[in-house]
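Quick note: the coordinates plus some simple rules give every number you see, no bench work behind them. Predicted model, so just to flag it, every value in this text is computed and none were measured. No Cβ is skipped: glycine too gets one built from the backbone with ideal geometry, and neighbour counts run over all protein chains shown.
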Amino acid sequence: MVGLLHNAIADELRHARLMIEELAALLITDEHFVERYVDKLQTFDLLAQYAEENAAILERLANGLPSDEAIAPVRLTAVHDRLHAALGRG
C-alpha cells in the first residue's frame, strides 16, 4: 500500500514539473518579462529538476529499494545532501 502511495505522489510531482515547464515556456514568449527576469528563469528549470529527482526517489522506494540506494542516483547535490542529512548520514 505504501508503494502505491509513493507512486501516486511521484506522479503528482511529475505533473507539477510539467506545469512548471509549461509556465516557463509561456513566460519566455514575453520579451519584456525575459529582459527583466532573465536571471530568474533558471529557477523554473531547477524546480522542474527538483520535482523529477524527488519523483524518481519515491518510485525507487516504491519498488523496494532501501533509502540509501533510492537517494544514491540523485544528481542535484543540494537535494542529495539534504536527504542524506535527513537520514542522519550527512
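Data table
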| quantity | calculated |
| --- | --- |
| Near pairs, Cβ below 8 angstrom, 6+ apart or cross-chain, from the range 72-90 (of a type in the set (A, V, I, L, M)) to any residue that is surrounded by 14 or more Cβ atoms within 10 Å (Cβ to Cβ) and assigned to a loop (DSSP other than H, G, I, E, B) | 83/74 |
| Options 75, 89: the member that is among the basic types (Lys, Arg) and within 14 Å of the chain's Cα centre (by Cα) | 75 |
| Residues of the range 55-71 satisfying the condition of being surrounded by 15 or more Cβ atoms within 10 Å (Cβ to Cβ) and of a type outside the set (D, E, K, R) | 55, 56, 57, 58, 61, 62, 65, 67, 70, 71 |
| Test for residue 41: is it surrounded by fewer than 17 Cβ atoms within 10 Å (Cβ to Cβ) and farther than 22 Å from residue 77 by Cβ | no |
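To keep it simple, each residue is scored yes or no on (1) touching an Asp or Glu at 6+ places or on another chain (Cβ under 7 Å); (2) assigned to a helix (DSSP H, G or I); (3) surrounded by 17 or more Cβ atoms within 10 Å (Cβ to Cβ).
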residue: 11; (1), (2), (3): no, yes, no
residue: 19; (1), (2), (3): no, yes, no
residue: 36; (1), (2), (3): no, yes, no
residue: 50; (1), (2), (3): no, yes, yes
residue: 53; (1), (2), (3): no, yes, yes
residue: 73; (1), (2), (3): no, no, no
